[in-house]
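To start, the structure under review is shown below, and the notes come after it.
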Amino acid sequence: MQGSIGIFDSGYGGLTVLKEITALLPQYNYLYLGDNARAPYGNRSFETVYHYTLQCVEWFFAQGCPLVILACNTASAKALRTIQQNDLQRLNPHNRVLGVIRPTTEVVGRYTKTNKVGVLATNGTVQSQSYIIEIEKFFPEVKVYQQACPMWVPLIENNEHNTPGADYFVKEYTNALLQQSADIDVVLLGCTHYPLLQEKIKQALPPQVQVLSQGAIVAAGLKDYLHRHPQMEQRLSRGGERLFYTTDSTEDFNTHARLFYGADVQSAHVELKS
Ligand code: DGL
């Protein structure tokens, strides 16, 4: 039986990834779930992020999705490995759950000339050290500097990212990153919400610094994955359908989603008990 590709985020951020994936791979069906009722995940404990993410993965599998992408760095950093190692066998050994950190770290070293890369991310992603550990595997010569930006997701989720308050917090965190090293020439947006602040972040950084967001990188990584895994590719349904679900208000989701996805969205509600 064939099924849609599941795309998951704590809230709206994964829509920036879905946008790029559907642009590159429009032929498949997609099912998006935003756990908006419990977002943000960024400051939550390992156990909580794991519990919530697992519940959402189970929901995708129940909808018949053979492949789920955690389009959320926090969930990728804190829950992915445990789900892959402990839960997948029990839930459905033929299904796959992938994250956004691995495809990003596989390529990020190609962009730097100084071998100094900055990563802006949530508290959870920074504390997990996932970017440091994964980049070291592919580009041992690259030094990674991390800065947690705990105010950014709440600002973006509340549609406050075009305000002077957002300017203040963009300066605060980008300055803190640059204080760690003035030679950083690539800054990776290690949270799928942050593309909404991309212009402000660019303005706050010196002009020679390249700002990378993940959407296009993850989309290219998925294309490559499906090429290398034809058995999974054959299990994906086609037709270009996109369905959107949220654990919170569908009205709010429909209003905000456009900012992230770039097109109108009609969502349905899903109830997940904590
Ligand atoms: N978009 C998520 C990420 O990439 C959101 C984080 C959050 O919910 O705090 O990390």
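The numbers here are math on the coordinates, done by the rules we state, and not lab data. The structure displayed is predicted, hence computed values, not measured ones. Cβ placement follows ideal geometry from the backbone for every residue including glycine, while neighbour counts extend to all protein chains displayed.
In nanometres, what is the gap between the two model label sites at D167 and R90, each 7 Å from Cα along Cα-to-Cβ?
The answer from the label model is 5.2 nm.
Which of the aspartates and glutamates could a cross-linker span from K143 if the Cα-Cα distance has to be under 12 Å and same-chain partners fewer than 8 positions apart are dropped?
Excluding near neighbours in sequence, the set is E134, D183, D185.
Could you let me know the centre-to-centre spacing of the range 45-75 and the range 128-201, using Cα atoms, in angstrom?
That distance is 24 Å.
Order these by the 10 Å Cβ neighbour count, fewest first: E271, E160, E106. List each step's numbers first, then the result.
Details: E271 6, E160 14, E106 18.
Going from least to most buried by this count: E271, E160, E106.
In nm, give the distance between the simple-model label positions of R110 and A176, each being 7 Å from the Cα along the Cα-to-Cβ direction.
Going by the 7 Å Cα→Cβ label model, 3.2 nm.
Taking amide H atoms as placed 1.01 Å from N in the peptide plane, list the residues 5 or more away in sequence, or in a different chain, whose amide H sits under 5 Å from that of L236.
Answer set, sorted by chain and number: G3.
Exposure proxy check: R38, R96, R90 ranked by fewest other beta carbons within 10 Å?
Details: R38 20, R96 17, R90 7.
Ranked by crowding around the Cβ, least crowded first: R90, R96, R38.
What value, in deg cm²/dmol to 500, does the helix sum -39500 (n - 2.57) over DSSP H runs of n ≥ 4 give at 222 nm once divided by the residues of the chain?
Mean residue ellipticity, 222 nm, calculated: -12500 deg cm²/dmol.
Applying the Karplus parametrisation 6.51 cos²θ - 1.76 cosθ + 1.60 with θ = phi - 60° to the phi angles of the range 45-51, what ³J(HN,Hα) value in whole Hz is obtained for each residue in order, glycine and proline being reported as x?
6, 3, 4, 5, 4, 5, 4
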